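Read the structure below first, then the notes.
The values are calculated or read from the model by the stated rules, or taken from the named source; none is laboratory data. Since we're looking at a predicted model, the values are computed, not measured. Positions of Cβ are backbone-derived with ideal geometry, glycine not excepted, and every protein chain shown enters the neighbour counts. Surface areas here come from the heavy atoms of the whole protein model, side chains and all, with no ligands, DNA or RNA. Shrake-Rupley method; radii C 1.70, N 1.55, O 1.52, S 1.80 Å.
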Amino acid sequence: MKIDFGQILIRAWQITWKNKSLWVFSFFIVLVSETASGGSNSINLQNRISGMDLSGNSEFLPPEIRNFLEWVNAIDWSSAWVYAAIAAGCVLVVWILLNLLAVRGHGALIAGIRKADTGESVTVREAWSMGGRYFGRLLAVTIMDFLVRLAMAVVAFLVIFGALMLGMHRFLYGGRDFPGVILIPLLLICPVYCGVFTAATLLSLYFYFAKLAIVIEDLGIRASIRRSWKVILRSLGPLMIIGLIVFALSLGMGVVSVLWTAPAIGVFLAGIWPMVQELGMLNMPLLYLSGALFLLSLPVGWLVSAVWVSWTNAVYTLIYMRLTAEATAPPDST
């Protein structure tokens, strides 16, 4: 099956740049990915702050920082769990709403790209309305994807944890040497992780193509899953090529993303450098400036990410349409 990859990449960019209304729906997807990746970083924040020992470095901290940390350490965390639970509940509700917006936005994005490929312009309202038609089916496939990933993660954790516990049990009660009983569980970690990562990547493509089948061919849930399997199995070579191209470009995007975060990082490091070297206190004006630069870099990063998400979805939507069009095209009678 011959696919013009250059034409698909260029056409995807033309659609992305001409129809900037599609960036709105990509922004919903970006918000979900950002909250998912950043949410786990704050789980142990209370333990880190409340356990700080500032006795050795307090002379290098400005008064406002010392006062803030003393106030945090004075909080009665045994009674503050109620507020923490309420805050966690609010975060969960917001996360669910963002995911629902992302699901509908994804449908609007694919439907908008499909229409834009015909040369027509797409408005936000029009794409949003088209996305609503497929919302229920897309949500069902998204939940299936999440549950399968969760099951894989749980199984991988149980395998590794069970192997470690079995090794420790044999060490404690079997009288065996520690290196021997712990070596096999440790050797399991790498292949299990690689296997789960590979399977998760393939499943991501599988369920993503099911979503494409729902929007592009207006199929039901079961029919879209069967259709996804047939398209991937029949076109594995072209999909691997386009996947490698997109992956390579994503690595370049990661390098480029340093450009708008580097100023904030550089100013922040300059602000804390005196304390790190024990030469003086934190430079608060530089820290304030780094915070301002960081806040300014956020919308830039979100905008670039939204454009990137629009383009990658355009690439896969177009290649799906080309693959399915070739599969259903009537044979040449000549």
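Odds and ends about this structure:
- Ordered from highest to lowest accessible area with the whole protein assembly present and a 1.4 Å probe, 31, 138, 158, 101 read as 158, 101, 31, 138.
- Residue order by solvent-accessible surface for 310, 305 is 305, 310, largest first, with ligands and nucleic acids left out and a 1.4 Å probe.
- Accessible surface for the stretch 221-279, divided over its residues, is 65 Å² per residue with a 1.4 Å probe.
- Environment charge at residue 7 (Cβ cut-off 13 Å; Lys +1, Arg +1, Asp -1, Glu -1): +1
- Segment residue 269-residue 204, extension gain: residue separation times 0.36 nm, minus the distance between their alpha carbons: 19.6 nm
- Carbon and sulfur %, accessible surface of the stretch 213-282 computed with the full protein complex present, 1.4 Å: 76
- Taking a straight line from the alpha carbon of residue 2, these lysines sit under 19 Å away, with near neighbours fewer than eight places off in the same chain left out: 230.
- Neighbourhood net charge (9 Å Cβ-Cβ; Lys/Arg +1, Asp/Glu -1) for residue 107: +4
- A straight Cα-to-Cα reach below 18 Å connects residue 115 with the lysines 18, 20, 211, residues fewer than 8 places away in its own chain not being considered.
- Applying the Kirkwood pairwise sum to the alpha-carbon positions of the stretch 193-329 produces a hydrodynamic radius of 18.4 angstrom.
- The residues of the stretch 107-169 expose, per residue, 54 Å² of accessible area to a 1.4 Å probe.
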